[in-house]
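Have a look at the structure below, then the notes.
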Amino acid sequence: MPFDDFRSFLTALRDQGQLIEVARPVALELEVAKAMRKSAATGGPAIVFNNNGTKFPLVGGIYNSRAKALLAYGCTEENAFGDIVNRLKTRIPPVYVDDGPVHENVILGDDIDLSILPVPRYSPDDGGPYITPGIVVSHDPETGVPDIGHYRCEIIDSKTMTLMAIPNHRFAKNQAKALAMGHKTFRAALVIGVDPMIAYTGPIQVPEDTNDWEVVGGMRGAAVELVKCRTNDVSVPAHAEVVIEFEVDFTETVTEGPLGEYTGYYTPASPKPVVRPTAITHRNDAYFQALLTGRPTTENHILKQLSFEASFFDMMRQQFPTIEKVSIPASGGVYFRVVISMRQRFAGEARSLILAAMGSNLRPKQVVVVDPDIDVYDSEQVEWAMAFRTQPARDVIIVEGLPGGPLDPTADESLPPDQRTGSAIGTDATYPYGTIVKKVGDVCGPALEEHGGRVVEVADVPGWREYEFPELDEKTGPTTTSE
């Protein structure tokens, strides 16, 4: 069964010893970030900062480990990938309700004051405090199709904020459409504190005409309840903790940034449209949320990873049905590096896959394709394949003039984001089509050799994983699986 809301997930974390309460005073200026980083470094618990200088308890680190992600999905490590892919095939429309807990408190007009919210500063050179876990809900101004996605939001002062929207993301495209239609403003909502499956659905790659709430329903296995905002026509989760309804003003800009981003680098400051809240609504005794960004791996990366891998796999497999696994590692920001294993059906298919991946909305800078005997999640195995199954002049593809990846620190920052281009490198680390890869203990008879290629034998020591070695166990302790 899905979690009903943010609070039910916190209860589940607490019951598993994965949530701690901190009663002592903790400063929003960098101290919250230090505590979250320290816990995340060991896959530690989420943290409730009860004494943060505001009336709202601040919860951080709920996405900081693979174990928490699996709890949110209701999966095990063994079945997660296949289960998520299956959920992606299901669409369950939302249910619209007249009222919900998120409207237990409604702040309007001159009473709006963003300073009541516990918004941290995460990195020393950040341009200001940032709401990083917020989910923007916006509608296509032409079709009305709703979109949800994570976008960073800087608090400028008690009445003003601003948001960064990457040009290839739907929130930015919705704004661009509104501007082209002659609108001077654009209204949407920023949602904080939701059922975790809403957050994990946000990064999923789907066609642009998709109603994201239907995807959320399929991922949850149940419809999400939505309620209409008080000052615009956008519908938001009825059980959200906090919603900031807002208006983007295209006629006025303000400096946004820097922010220590998911790439591990600061993005420079630049002008962005002014965003003014039109309402703040929240539940009684509402929780606010923090989400740590910065050099991989942080909860920002873990939040994206399973969803990105499964949705990218599903999209690519429609064209290349013999794809077996996809890894989009945190070390590449869960954007810039993709490793795919496939069983080629004909010569050159791995190269076609590389080019298709480069042309996807993910915009990776590095694409590696390997044979199915390589574990795409094991960087040593991938590097081994790249070292001994490739000839660079033959197996490496470089493509220039591609759309730039999101917040790429190596891009030409003198250009507007929608004008930046970059290059991508693809490595075909598969054996040539027709090669038979023979492992220790395999029998490679005439029937296999007639398949059309030479036999390559992989050397390894059979049975080493199962070998009992008590002396080593006593020295190193029980073997555990890292999260």
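The values are calculated or read from the model by the stated rules, or taken from the named source; none is laboratory data. Note that the coordinates shown come from a computational prediction; the quantities given were computed from them, not determined experimentally. Positions of Cβ are backbone-derived with ideal geometry, glycine not excepted, and every protein chain shown enters the neighbour counts. When the accessible area is computed, the model is the full protein with side chains, heavy atoms only, and any ligands, DNA or RNA have been set aside. Shrake-Rupley method; radii C 1.70, N 1.55, O 1.52, S 1.80 Å.
With the condition kept exactly as written, say whether any residue in the range 320-333 is modelled with pLDDT of 90 or more, surrounded by 21 or more Cβ atoms within 10 Å (Cβ to Cβ) and in contact with a Gly (Cβ under 8 Å, 6 or more places away or on another chain).
For the range 320-333, residues modelled with pLDDT of 90 or more, surrounded by 21 or more Cβ atoms within 10 Å (Cβ to Cβ) and in contact with a Gly (Cβ under 8 Å, 6 or more places away or on another chain): absent.
Quick check on my filter: what residues within the range 245-270 are open to solvent by 30 Å² or more (accessible area, probe 1.4 Å) and among the hydrophobic types (A, V, I, L, M, F, W, C)?
Those that are open to solvent by 30 Å² or more (accessible area, probe 1.4 Å) and among the hydrophobic types (A, V, I, L, M, F, W, C): 250, 254, 269.
Within the range 403-424, can you find the residues that are of a type in the set (D, E, K, R) and either touching a residue at least 12 places away in the same chain (Cβ under 8 Å) or closer than 10 Å to residue 168 by Cα (or both)?
Within the range 403-424, the first condition is being of a type in the set (D, E, K, R), and the residues that meet it are 408, 412-413, 418, 420.
Scanning the range 403-424 gives 408, 413, 418, 420.
Contact list please: Cβ distance under 7 Å, first residue in the range 97-121 and touching a residue at least 40 places away in the same chain (Cβ under 8 Å) and closer than 30 Å to residue 266 by Cβ, second residue among the β-branched types (Val, Ile, Thr) and part of a loop (DSSP other than H, G, I, E, B), pairs at least six apart or on different chains.
As it stands, the answer is 116/54; 117/54; 118/54, since those pairs meet every condition given.
Considering only strands (runs of 3 or more DSSP E) fully contained in the range 376-483, which possess at least 1 residues that are modelled with pLDDT of 80 or more and open to solvent by less than 90 Å² (accessible area, probe 1.4 Å)?
Details: elements: 396-403, 421-429, 436-438, 455-457.
Hits in the range 376-483: 396-403, 421-429.
Are any residues in the range 99-139 under 22 Å from the mean Cα position of the chain (by Cα) and not in a strand (DSSP E or B), and if so, which ones?
119, 120, 122, 123, 126, 129, 132, 133, 134
From 223, 240, which residue is in contact with a helix residue (DSSP H, G or I) (Cβ under 6 Å, 6 or more places away or on another chain), outside any helix (DSSP H, G or I) and open to solvent by 10 Å² or more (accessible area, probe 1.4 Å)? Step through it out loud before you land on a result.
On the way: 240 fails: open to solvent by 10 Å² or more (accessible area, probe 1.4 Å).
After applying the criteria, what remains is 223.
Residue-wise test of (1) at pLDDT below 95; (2) polar (S, T, N, Q).
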residue: 167; (1), (2): yes, no
residue: 200; (1), (2): yes, no
residue: 210; (1), (2): yes, yes
residue: 223; (1), (2): no, no
residue: 226; (1), (2): no, no
residue: 229; (1), (2): no, no
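Looking only at the range 277-287, decide whether some residue is surrounded by 20 or more Cβ atoms within 10 Å (Cβ to Cβ), modelled with pLDDT under 95 and not in a helix (DSSP H, G or I).
no
For the range 1-78, which strands (runs of 3 or more DSSP E) that fit wholly inside it have 3 or more residues that are farther than 17 Å from residue 117 by Cα and either of a type in the set (Asp, Glu) or open to solvent by 70 Å² or more (accessible area, probe 1.4 Å) (or both)?
19-25
Restricting to the range 133-159, count the residues that are surrounded by fewer than 17 Cβ atoms within 10 Å (Cβ to Cβ) and closer than 22 Å to residue 115 by Cα.
Within the range 133-159, residues that are surrounded by fewer than 17 Cβ atoms within 10 Å (Cβ to Cβ) and closer than 22 Å to residue 115 by Cα number 3.
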